[in-house]
Each structure stands twice: as structure tokens, then as C-alpha cells.
Amino acid sequence: MIEARNLTKRFGNTTALNDLSFTVPARETFCFLGANGAGKTTTINLFLGFLPPSAGSALVCGKDVAEEPEAARALTAYIPEQVALYPELTGFENLKFFASLGGTDVSESDLISGLEAAGLQQDAFHQRAVTYSKGMRQKVGIAIALAKRAQVLLLDEPMSGLDPKAANDFCELLRNMNARDVAILMVTHDLFRAREVGHRLGILKAGELVEIVHASSVSASELEEIYLAHMHDAAGKAA
Amino acid sequence: MTTILMKLEWLRLRRSLASRLVFAVALLSSLYAVWSGLHWKQAYLAGQALHETQIEERMQGWRTALADIESGKAESTPYDARPMDVRQAASHEPGELTHLAIGYRDIMPSRLTLGAWRNEISMVERYEFDNPLILSLGRFDFAFFLIVVLPVLMIALSFDVVASDLTSGRARLVLSNAVSLRQVIYARLLLRNGLLCGLVLLVLLVGFLFAEAAASEYLLWTGVCMSYMVFWFALIFCLVAASRQAEAVAARLLACWLVLIFAIPAVVDSAVQALNPPPSKLAHLSVARIAEAEAARQTAALTEGFLADHPDLSVGDEEVPGYYRGTFLANERVREYTAPTVADFRAAAEAREAGLSALQYLSPALLAQRALYRLAQADAAASRHFLDSAGTRLAEISELVGPAVISRNRISLQEYDQITPFDPETLPVGAGAVTGMAYLLALSLLLALASLRAGRNSI
Amino acid sequence: MIARQIAGKDLQLVFRNRRVMAVFVAVVLVMLGAVLIGAERTASFDRERGSALAADREVWLGQGARNPHSAAHFSRYAFKPLPALASFDPGTVDYAGLAVWMEAHRRNPATFRYAESAGASSTFESLSPAWVLQALVPLLIALALFPSYAGEREDGTLRQLLGTGVTAGAVFAGKLLAALRLLLLILLPLVALSVLAVMATDVDTHQPDPLLRTLCLVAVYGLYLLSFCLVAIGVSALSPHRRSAAIALFAFWFVFVVLVPRLAGDLALARTPQPDATEIANSLGEIGMAFWDSEELRESARQRAMDEYGVATVEDLPIDYAAYELQFSEEYADPLYAKVYRELNGVHAAQERTLSTLSIISPTLAVARLSAGLAGTDRAHHLAFTEEAELHRQEIIKQMNDDMMLNAGDAGYSYQSDPAFWEEIADFHGSLPPLSRFAGRYLWDVIALLAWLGAAFLFARTAVARAGDMERVR
């Protein structure tokens, strides 16, 4: 459902992503782990069609994102790290707008259910977004993604700013979406949540996918060791 | 998708204080502009009516006196019903749409008295009583609002149409759907500026209610206004699509506004004046006075010459004052002597007009203004045409009464009744408005194409 | 010390801002164009005036023998002298007439308005150095100063600055010092260009106090532009980011420099409508005929003449009575003409009082009026010309009537003056009055400008204090 084939992105003389290849089938969550500047957000941008690849291709449900960006995006839902809403609209109105942009015919009761499922408190539904905290905006972002009923979900640090309960509820949501045949690609710094929700974990280092780990085959501390080992290698090489 | 984007935009506009302010300013200032123009026109027509009525009443009296003399009811005197006193009012009627574009009407002469006592300079009734400071400030008419104010309001509504989305990250959420950045920009600009321009066009329709113009005039006027709005829409679209920073967009748009509305017209004006300076009015005056002085010295010889050229004339009442003939001959001499200067004025004006017609394409604002002024019969060409027509009529009256004046006779009632009211043909609108519209629309298309090729379609 | 450092840093940022420097260069170029055009135009007007005066004199002297009353109807023209400062600020020159016909039995308004033959675009401003300083330089100041506080706030450096213990007052002093230096740097080349142009403008008639006027102009524009600097600093201090500061300042410029002056003219007319030209012309015409249509007045003239010369009948008068009547009619009409023009002047003065009132809202209105007044191109100076022309008219018409009265004998209207007599009729040269004659007229505008400066300072000071509080609370 999500496929990268020799995906490469260069910015001038800098190679942000080098020959990245991976596949995320339906019902799976694939998490990218990596330091700042490793290429995680670049990967997301390539799958959203915000950047053209320098080489290779990014495919969503078989559609090449660079060649058919709008068709690919129609199948994709996205939750950014900072969910920016229209401050003069209410949470509900923001959701309604983005849901309609997503092309799905969602009833108002479904939108309300979406907000509830995302964990937003009811009295905030009809308050203007300018009054929302970061966490509340994040929840509306989740509701927007849910409303689209897309086959592919791209997440960029989705749990940043969420309290532990909200993060827990979010992980449960992701599992439910996997159960509905959604393929999820998530970039995050949070090793522990990644292991909790992900099926496979890819470690990105300086634009290269250095290792893929099956979440079920490692413990949290083992994962941390593997991750840090790669990061130390990078630091050592840099020195 | 465009509809969805526009629905959101409508919701946002309704809740934005700044946007409501812009619309309020547009509505109030455009309505004021129409009102101001109507107020001006009312005073203009009232003054014209006074001038015409005075002359009409006077000529009624003159005609009655002539009728009485011809019928024998009254005795002939050296002064009553003399042909020298035949006069006609010539008024520069405002166009049906002049209240929307006052143009040159508030400074050019518009009330003349045509008769043998006058020449081309003195036929203009004294009119320079206005406050020159108020004249220099200009009028706030609909044309000014459309050309100068409306683009600023469009820029105010549009410069931030995607920039705040881009900088806040909201654009990522929007563009993660099956919609392009260009679609978003287009939908938002279309709604905002469509509503604004629609409002202004409604006010224009209100302005039309106070006119009885031909359908073609309404269409042309509306066409020029709309094509000017379309140009600014296209320019705004082009610059918004090319940059992600609101302040950069605003700065560029405002720079365009300054250059197109102030800088280029000022430079074009200066250049055209420098290349084709108007002949000196004071020099024209000097020529006229030389002619007058010469005629005063040579009255007797000129009279003899005139009578020799018209052997059929017999001299009438010797008591008729000599200065009647003297003045008539002086005016004839002035016309003769100043003809080359008048031709020079005309040539310089035509050359300036040609220069402006060529250079106006450098500034859509200048182009639109000239088109609107022409449609409203408020440009310098309309005034010149009026003065030229009046000069022709003056010459005709002089030709009619001249023999009688020189020979100290009268013209007959029949001859007098053949003088038709002064009703010159309106200067044709010409193809200028249509050409202007076509140019503005073509320019808009080029801008749109440029933005499609060079503009960003992604964040 | 701290203020100077802040000022130095701010100026450095301005000079590194390519957009601001590009606009500055553009403004200097536009000013260069404006001074060249202004100087040439004024010199050209003056040459034209000189030619017209010479031609008028030539045709006057070449009349030959002629009845003086007939000559009085032909009469002379008074051509308006232009000051060299008109090349800086043409004021109302284009819209006020350039010549007055000084004929008998009539007091004519000034005629031949340059704007009528210009034939270009009346919507758009004509380029002059004064317009550049009034309209363009405030925009340049806004462009340079809008990030003064807002930019630092957006970048986070304002918080840092205040966090190091620098007081809000010191920051304000620094920003103000930077603005003052910037203003000097902007004004220096522009004023230099203008002064050079004025000095190079070749005119025949000179103002008695050009230095005083020039210094006052520099002061007026300095105060005007300083108030814009203060407004820019204040707006920047209150704005959360650069964008809103820029937009607010542009809106301020658009409303107060473009819109309000344009509306002000309309509002002045709405409040005090211009009397109809035909009605005024009628009044003047009636005055001209009043004596001749009134048997009572003519009888009183006869009586006066007889009393003056101690005779019992008009026929016994040792003078030509027809000429006496002509002069009597002039002396009767002159105060009545003066009344009509005084009333008209009263209307114009009332219109300008409305403009003065509105200059509380728009400093540009106040500066425009002061600038034209100091340059000697406003309506007050034009009025001085028309009044001087009228006095000259009365003088020369009397000369001609006296010639006929004393020399015609029994010839009456057949009398012809000797051609040498025409040389005794003086040309009208016109003088340019000193500023002291009009000082009181501009008091309100000076007060408005100073009030603006004071208000702008208070606004900036308050805004900056508030900005400091906001940063500390954040």
C-alpha cells in the first residue's frame, strides 16, 4: 500500500534520502526512527507529493505520487506534528471543512463521532480553534484523518504534545485503523510508543535506512540499544 | 473542490473583522463617490441652465424688438435689435455618465456666449472663480475610487490568502488532500475579490440609475471597469502564486500599485508634455491683442475693404455707433491672425493625444482612466471638440450678421429665425474603450499564464 | 551609550535591507526627475511671462493715436510673477490664472490656467519635489521602520534585549535615534537636490526672503517626516509581527496621505459650496452698469463735478465731463467689485478652514498648505497678485480717464491721445510679497503639525512602554 522504490532526494549537494526502499502493506504500521535531519520528514513530504524525488519513486496504493499527486493524496490521510487549524472556525467547522476536502461524504453525526473518537472534549467542539491547546488541535487533526477514511495514513510526530492517556488512546486508534486495512507510516522520536504501535521499525541515519527491526522481536531496552548503537556510529564517523 | 474552498473562505470572511472593514470601506467610499459626482452634476447643470436662460430671455426681448420694428409698431433706433447683439448660449452638456467620471469638466470652460461682440478668446464667459486649492486636490469620483482605491482594497483582501496558511503549517493539512496550491489560491482570490468587485459593480449600477445613457455606453463602461478589475485580479494571482511570504507579496503588490498608478502616469505625462509642449496661451493672447490693436487702427480701411467686397450692401443708419463695426472687424482680424496659433494648439493637442494613446499601455490605470473619461465625455478631447464646435458656430453667426453690422443695417427676423440652437455632435467614443478592454484582458491572460508556468503549485 | 549602540545596529539592518535601499535609490531618482522638471517648468513659465509682457508692451505702445477710453477697454494685462520656489512646490500655480486683464469697467478674475492646456491625467499627481517629500518619503520611512520593534519581537531578540536589563526607555531612545539619523540621511540628498534646483531656476522676480522660506520649508518637512517616524515606531511596537506592522503603516499612509486629502476637497466643497460662476459674472456685470443705469448716481456725479469746479452747469466745466463720468463710475464700482471678490474670498477661506480642520486628521494636508505657502504658490499669494493687479488697474484707468478729462476739450470721445502718452502707462511687474505678510494665516496648520508631532511622540512612547510590558509578561 505504501512503497518506496529506490527513493532518493537531493538538495543541492546534500543527499537527504539515499536509495530508500521499503513497503508497508495494509494492516501494518511502519515507524521511522532517527535523529533530527535523518530524512524522516523528507520521506513524509515525498509521499505527500510536496517534494519531487531526485530518483526513484514513492507509491501509494500503486499510484506514483510524483506522477499522480492528487490521485495519490485522495487515498492518503495525514497528521502533521503541528496541527494548524483556522483560528476563526470552531473545531467542528475545521473538521467539516477538511473532511469535505477529503472528498468523503461524512454526516454531521459522523463528524461528531470522529471528534469523540479522537478524544476531544465535547464542550470544545463548537469553540473557536484559537482557544485550543496543542493537544486539542492534535485531536482535531486525528479526527480529520479518521474522517477521510483513507487507505494510507502518514503521521509526523503525531503524539508530540499529547498527554500519556491521550497518547495511549491514540495508539489504540491506530490499531483499530490497521484492523480496517489501513497502512500506516509514522515518523517519530518516541522509541517506546513506536515499538508499542508499530509492526516494523526502520532506523534512518543520514538519509539511509540502516536497519529494519520487527517490533515484536525486541524489547524496549533492546530497541534503544540498537538505535543508540547506530546513532553512536554516526557520531563517531562525524568525529 | 473549488466550491468547498470557496465555502470555507466565505465563512472566514464573515468572521474576519479586517475583511468586513475592507468591504465597509469599499461600499461607503464608492457610494460617496457616486453621490459626490451627482452633487457636482446637479450644480453644473443648474449653472448652465442659468446661463442659457439669461441669454434666451435677452434674445426674446431682442426678437420682439425686431418684430416690432419690422411691423412698424416701434421706431428704429441706433441701438435696438441690432445684429451685433445677436447672441447664442453654448453649453458643454455633460455626458450621461459624467457624474461617474468628472475628469476635466471641473476646470475647463463650459459656458460660452456666441455673438459678434466676441471672438474665440472672449466667447468664454468668465469662469475662473473657483478656489485653485480645491481644484488642485481633485474630485473623489467613481473613476478615482475604481482606479486608485479599489486595487488597494483588493490587495488588502488578497495578499495573505495563503501566506498565513503556509507559515503556520495549515497548508500542509489542506494540501495533503486532492487539491493543489493553485486551486486554493484561485478559489480564495476568486471569492474575496469576486465579492468585493461585485459589490462595487452593484454601486456602479446605482450610479447608472441616475443616467439615461445608451445601452452601449453602459456596456462599455461596465466592460472597462470589469476588465480593470480582472487585470488586478490576475496580477494579484500571479504575485500570490509566486511567493510564500505575505510581506513579500504585499510589498510587491503595493510597489506595482505605486508604479502603475502614480509613477508611470506621472512620467508619461511629463514625457508627453516635454515632447509636445502646448503652445503658449499667453503668446496666443499676444497675437490676438496685436490683431485687435491693428484692427482698431485700421477700422476705416477695413470697413472700406469690406464694403468693397460686398457691393450689394447699402449703408444704413449712420447713427449706429462706430464701435459696433470696430469691434466686429477687430474680432474678424483676431480670428484671422490667431488661426495659425489655434492650428498649432490643435496640432500639439493631437500630438499629445497620440503620445498618450501610445504610452497609455504602460499603465492599466492610465488606460482605464482615459477610457472612462472618454466614455463620460469628460476628457480634454471632449472639451476641445466643444470649443472647436463653438468656434465654428461663432464664425457662422459672424458671417450672418457681419454685412449688416458693417453696413449699419439689421438682419431680418427671417434670417434670425434660421439660426438653429447650438447642439454640436458628441465626440464619438471611438474604439479606445474596446481596445483598452481587450488589452487589459490580454494582459490578464498573460499574467495568468505566467503564474501557471512560474508560480508555485506546492509548498 | 546603549541607545547609540541600538541605533547603530538598527541602521546597519536598514542598510543591509536591499528592498529599502532599492526604494531609497528609486526615490532619489524620482526626486531628481522632479527637480529637473520643476526647475525647467518654472523657468519656462517665467520666460513665457517675460515674452508676454514684452509683447503686451509692444502692442500697447504701437496703438498709435487712439481715444484713451477705447484704449482703456483694450488695456493691459498683468502677468503673474512666479517665485523660484515654485520649482519645489508649484502649489496652486496650475489651477490659478496666470494673467489678469486690467480693462475699464470690469474687474476680471485671473485667467489662463495652465492645467487646462496640460491635457493629461488629472487623477494622478503631477511630479514635484514637494509631492515626493509629502507622499513618497513617508512610504520609504514606513518601509525602513516597520520591523523596528515588530521584527525584533518576531525574531525573539526584543525579549533577549529586555532580558539583559536594558530598559524599554533606552530601547525607545535607540530606535528614535536611529529614526532621526535615517531621516537625516534620507532628507540630505533630497533637500540638496531641491535647493540646487531652486537656486538654478532662472526667474525674473525674486522673493525678498528666500532663505527664511527655505529654512522654514526644511523645518516643516523635518517635523512632518519625524512624526511619520514616530508613528512607524509606535505601530511597530504594537504589532505582533512584521506583516501586521507593514500593513498597518501602509493603511495609515493610504488613508492619511492619499485618501483624506482627496476627500478633504470634496468635503470642503460640500460644506461651503462654490458660488456659480454665472452668478458671480452677473454681479460683476451689474456693478459695471450700475452707474450708467442709475439717473440718481449720474445726477450726483454731475453735482459733484459742478461743486468741485464751482460751475453752475456741466457745459461750463473746464474738463471733459464724459471722462469725468467715466472715472466717477470706476470709483463707484471699485468698492463694489472689492465686495464681490471679498465675499468670494470669504467662501474660499471658509473652504480652506475646513481643510485646516481636517489637517488634524491628516498631517499631509497641513504640510501641503504650509509648503505651498512657504514656496509662495498658495492661494494667499495668488490673491496678493490679483489685488496688486487690481490696484494697478485702478491706477492706469484713472490715468487714461484723466488724460481725456483734462485734454479732450470739446472733442469728447473723438479725442485721441498722443502715442507718447501710452509710455506713461506703467507695465505691471508684480512683486512677490514677504512671508511676514501671511504669517498669521499658517498658524493653524503649524499648530496642527506640532500637535501631530506631539501626538505621534506620545503614541510611540506609550506603544513602546506597552511593548516592553508585553515582552516581560510573555
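Could you tell me which numbered condition B:LEU150 fails, if it satisfies all but one of (1) more than 25 Å from the chain's Cα centre (by Cα); (2) assigned to a helix (DSSP H, G or I)?
The failed condition is (1).
So B:LEU166 ticks every box in (1) modelled with pLDDT under 95; (2) closer than 22 Å to B:LEU449 by Cα but one. Which box is left unticked?
The failed condition is (2).
Go through the stretch C:19-58 and report how many residues are under 30 Å from C:ALA142 (Cβ atoms) and of a type outside the set (Gly, Ala, Ser). Full working, then the answer.
Kept after step one, since they are under 30 Å from C:ALA142 (Cβ atoms), are these residues of the stretch C:19-58: C:19-39, C:41.
In the following step, the residues that additionally are of a type outside the set (Gly, Ala, Ser) were identified as C:19-21, C:23-25, C:27-32, C:35-37, C:41.
The number of residues fulfilling the criteria is 16.
Give me a count of the residues in the stretch C:21-40 that are out of contact with any Ser or Thr (no Cβ under 7 Å at 6 or more places or on another chain) and either free of Cβ contacts under 8 Å to residues at least 24 places away in the same chain or at the interface with chain B (Cβ under 9 Å from one of its Cβ atoms) (or both). Please lay out each step first, then the result.
Going residue by residue through the stretch C:21-40, those that are out of contact with any Ser or Thr (no Cβ under 7 Å at 6 or more places or on another chain) are C:21-33, C:36, C:40.
Restricting the remaining residues to those that are either free of Cβ contacts under 8 Å to residues at least 24 places away in the same chain or at the interface with chain B (Cβ under 9 Å from one of its Cβ atoms) (or both) gives C:21-23, C:25-26, C:29-30, C:33, C:40.
Looking only at that region, the number is 9.
Which one of these is at the interface with another protein chain (Cβ under 7 Å from one of its Cβ atoms) and more than 18 Å from the chain's Cα centre (by Cα): C:ARG66, C:ARG106, C:ARG153? Spell out how you get there, then give the answer.
Details: C:ARG106 fails: at the interface with another protein chain (Cβ under 7 Å from one of its Cβ atoms); C:ARG153 fails: at the interface with another protein chain (Cβ under 7 Å from one of its Cβ atoms).
Going through C:ARG66, C:ARG106, C:ARG153 in turn, the sole match is C:ARG66.
With the requirement that a residue be over 30 Å from C:GLU352 (Cβ atoms), exposed (fewer than 13 other Cβ atoms within 10 Å of the Cβ) and touching a residue at least 40 places away in the same chain (Cβ under 8 Å), what does the stretch C:419-463 give you? Please lay out each step first, then the result.
Of the residues in the stretch C:419-463, the ones over 30 Å from C:GLU352 (Cβ atoms) are C:419-427, C:460-463.
Pick out the ones that are also exposed (fewer than 13 other Cβ atoms within 10 Å of the Cβ) and you get C:420, C:423-424, C:426.
Within the stretch C:419-463, just C:GLU423 meets the criteria.
Assuming B:ASN177 fulfils every condition listed in (1) within 30 Å of C:SER244 (Cβ to Cβ); (2) of a type outside the set (Gly, Ala, Ser); (3) in a helix (DSSP H, G or I) apart from one, which condition is it?
Against the list (1) within 30 Å of C:SER244 (Cβ to Cβ); (2) of a type outside the set (Gly, Ala, Ser); (3) in a helix (DSSP H, G or I), B:ASN177 comes up short only on (3).
What residue, among those in the stretch B:287-304 that are facing another protein chain (nearest Cβ under 9 Å) and in contact with a Phe, Trp or Tyr (Cβ under 9 Å, 6 or more places away or on another chain), is farthest from C:VAL30 (Cα to Cα)? So that I can check it myself, show each step before the final result.
We begin by selecting, within the stretch B:287-304, every residue facing another protein chain (nearest Cβ under 9 Å); these are B:287, B:289-290, B:292-294, B:296-297.
From the residues that got through so far, the ones that are in contact with a Phe, Trp or Tyr (Cβ under 9 Å, 6 or more places away or on another chain) too are B:287, B:289-290, B:292-294, B:296.
Values: B:VAL287: 38, B:ARG289: 41, B:ILE290: 42, B:GLU292: 45, B:ALA293: 47, B:GLU294: 48, B:ALA296: 51 Å.
Among them, the one singled out is B:ALA296.
Please find, within the stretch A:10-41, the residue that is farthest from the chain's Cα centre (by Cα) out of those that are of a type in the set (Val, Ile, Thr) and under 20 Å from A:VAL182 (Cα atoms). Before the answer, list the steps.
As a first pass, look at the stretch A:10-41 and keep what is of a type in the set (Val, Ile, Thr): A:14-15, A:23-24, A:29, A:41.
Then drop every residue that is not under 20 Å from A:VAL182 (Cα atoms), which leaves A:23-24, A:29.
Values: A:THR23: 15, A:VAL24: 13, A:THR29: 10 Å.
My answer is A:THR23.
Being under 13 Å from the mean Cα position of the chain (by Cα), modelled with pLDDT of 95 or more and of a type in the set (Gly, Ala, Ser) narrows it down to one of C:ALA372, C:ALA350, so name that one.
Details: C:ALA350 fails: under 13 Å from the mean Cα position of the chain (by Cα).
Result of the check over C:ALA372, C:ALA350: C:ALA372.
I need a count of the residues in the stretch B:71-105 that are part of a helix (DSSP H, G or I) and in contact with a helix residue (DSSP H, G or I) (Cβ under 7 Å, 6 or more places away or on another chain).
We begin by selecting, within the stretch B:71-105, every residue part of a helix (DSSP H, G or I); these are B:71, B:83-85, B:98-100, B:103-105.
Those still in the list that are in contact with a helix residue (DSSP H, G or I) (Cβ under 7 Å, 6 or more places away or on another chain) too: B:83-85, B:98-100, B:103-105.
Selection size over the stretch B:71-105: 9.
Residues to consider are A:GLU28, A:GLU88, A:GLU68, A:GLU93; find the one that is within 13 Å of chain B (Cβ to nearest Cβ) and in contact (Cβ under 8 Å) with a residue 24 or more places away in the chain. Walk me through it before giving the result.
Numbers: A:GLU28 fails: within 13 Å of chain B (Cβ to nearest Cβ); A:GLU68 fails: in contact (Cβ under 8 Å) with a residue 24 or more places away in the chain; A:GLU93 fails: in contact (Cβ under 8 Å) with a residue 24 or more places away in the chain.
When all the criteria are applied, what remains is A:GLU88.
If you go through the stretch A:78-121 one residue at a time, how many are surrounded by fewer than 23 Cβ atoms within 10 Å (Cβ to Cβ) and assigned to a strand (DSSP E or B)?
The number of residues fulfilling the criteria is 1.
Being more than 12 Å from chain C (Cβ to nearest Cβ) and touching a residue at least 60 places away in the same chain (Cβ under 8 Å) is the requirement here; does B:PHE345 meet it?
Numbers: more than 12 Å from chain C (Cβ to nearest Cβ): no; touching a residue at least 60 places away in the same chain (Cβ under 8 Å): yes.
Judged against the criteria, B:PHE345 is not a match.
Does the stretch B:219-240 contain at least one residue that is within 14 Å of chain A (Cβ to nearest Cβ) and over 30 Å from the mean Cα position of the chain (by Cα)?
Restricting attention to the stretch B:219-240, the residues satisfying the condition of being within 14 Å of chain A (Cβ to nearest Cβ) are none.
Within the stretch B:219-240, not a single residue is within 14 Å of chain A (Cβ to nearest Cβ) and over 30 Å from the mean Cα position of the chain (by Cα).
Are any residues in the stretch C:239-256 in a helix (DSSP H, G or I) and crowded, with 21+ Cβ neighbours inside 10 Å, and if so, which ones? Outline the logic, then answer.
Step one: list which residues in the stretch C:239-256 are in a helix (DSSP H, G or I), which gives C:242-256.
Selection gives C:ARG242, C:ARG243, C:ALA245, C:ALA246, C:ILE247, C:LEU249, C:PHE250, C:TRP253.
Which of the residues that make up the stretch C:422-474 are acidic (Asp, Glu) and not in a helix (DSSP H, G or I)?
Passing the criteria: only C:ASP427.
Does any residue of the stretch C:353-363 turn out to be away from every other protein chain (no Cβ under 14 Å), among the hydrophobic types (A, V, I, L, M, F, W, C) and not in a helix (DSSP H, G or I)? Even if it seems obvious, please write down each step before you answer.
Residues of the stretch C:353-363 that are away from every other protein chain (no Cβ under 14 Å), as a first pass: C:357, C:360-361, C:363.
Retained after the next criterion (residues that are among the hydrophobic types (A, V, I, L, M, F, W, C)): C:360-361.
Applying the additional criterion that residues be not in a helix (DSSP H, G or I) yields C:360-361.
Yes, there is a match, as at least one residue in the stretch C:353-363 is away from every other protein chain (no Cβ under 14 Å), among the hydrophobic types (A, V, I, L, M, F, W, C) and not in a helix (DSSP H, G or I).
Could you say whether any residue in the stretch B:310-322 is in contact with a helix residue (DSSP H, G or I) (Cβ under 8 Å, 6 or more places away or on another chain), touching a residue at least 12 places away in the same chain (Cβ under 8 Å), more than 9 Å from chain C (Cβ to nearest Cβ) and not in a loop (DSSP other than H, G, I, E, B)?
yes
Assuming C:ARG113 fulfils every condition listed in (1) modelled with pLDDT of 95 or more; (2) within 7 Å of chain B (Cβ to nearest Cβ) apart from one, which condition is it?
Failed condition: (1).
Within the stretch B:53-106, restricting attention to residues that are within 14 Å of another protein chain (Cβ to nearest Cβ) and of a type in the set (Lys, Arg), which residue is nearest to B:SER383 (Cα to Cα)? Before the answer, list the steps.
Taking the stretch B:53-106 as the starting set, the residues that turn out to be within 14 Å of another protein chain (Cβ to nearest Cβ) are B:53-58, B:79, B:87, B:89-92, B:98-106.
When the remaining residues are screened for being of a type in the set (Lys, Arg), the result is B:58, B:87, B:105.
Working: B:ARG58: 26, B:ARG87: 21, B:ARG105: 8 Å.
Taking the candidates together, the pick is B:ARG105.
Conditions tested, residue by residue: (1) within 15 Å of the chain's Cα centre (by Cα); (2) among the hydrophobic types (A, V, I, L, M, F, W, C).
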| position | (1), (2) |
| --- | --- |
| B:LEU375 | yes, yes |
| B:THR392 | no, no |
| B:GLN414 | no, no |
| B:GLN418 | no, no |
| B:PRO424 | no, no |
| B:ALA442 | no, yes |
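Of the residues C:PHE421, C:PHE459, only one is over 26 Å from the mean Cα position of the chain (by Cα), under 30 Å from C:SER236 (Cβ atoms) and not charged (D, E, K, R); which? Outline the logic, then answer.
Details: C:PHE421 fails: under 30 Å from C:SER236 (Cβ atoms).
None of the others qualify; the one that does is C:PHE459.
Which count do you get for residues in the stretch B:264-284 that are of a type in the set (A, V, I, L, M, F, W, C) and within 7 Å of chain C (Cβ to nearest Cβ)? Even if it seems obvious, please write down each step before you answer.
Step one: list which residues in the stretch B:264-284 are of a type in the set (A, V, I, L, M, F, W, C), which gives B:264, B:266-268, B:271-272, B:274-275, B:282-283.
Then keep just the ones that are within 7 Å of chain C (Cβ to nearest Cβ); that gives B:266, B:272, B:282-283.
Qualifying residue count for the region: 4.
Going by the conditions given, is C:ASP307 at the interface with chain B (Cβ under 7 Å from one of its Cβ atoms) and of a type in the set (D, E, K, R)?
Details: at the interface with chain B (Cβ under 7 Å from one of its Cβ atoms): no; of a type in the set (D, E, K, R): yes.
Criteria not met by C:ASP307.
Among the residues of the stretch C:69-93 satisfying the criterion of being away from chain B (no Cβ under 12 Å) and in a loop (DSSP other than H, G, I, E, B), which is farthest from the chain's Cα centre (by Cα)?
Among those that are away from chain B (no Cβ under 12 Å) and in a loop (DSSP other than H, G, I, E, B), it is C:PRO81.
Of all the residues that make up the stretch C:10-20, how many are in contact (Cβ under 8 Å) with a residue 12 or more places away in the chain and part of a helix (DSSP H, G or I)?
First, pick out the residues of the stretch C:10-20 that are in contact (Cβ under 8 Å) with a residue 12 or more places away in the chain: C:10-11, C:13-14, C:17, C:19-20.
Then keep just the ones that are part of a helix (DSSP H, G or I); that gives C:10-11, C:13-14, C:19-20.
Going through the stretch C:10-20 one residue at a time, the tally reaches 6.
Looking at C:VAL203, C:VAL235, C:VAL191, can you tell me which residue is at pLDDT below 90, in a helix (DSSP H, G or I) and buried (at least 19 other Cβ atoms within 10 Å of the Cβ)?
Working: C:VAL203 fails: in a helix (DSSP H, G or I); C:VAL235 fails: at pLDDT below 90.
Of C:VAL203, C:VAL235, C:VAL191, the one residue that is at pLDDT below 90, in a helix (DSSP H, G or I) and buried (at least 19 other Cβ atoms within 10 Å of the Cβ) is C:VAL191.
The values are calculated or read from the model by the stated rules, or taken from the named source; none is laboratory data. Please read these numbers as outputs of a predicted model, since none were measured by experiment. Ideal geometry is used to build each Cβ from the backbone, glycine not excepted, and the neighbour counts take in all protein chains shown.
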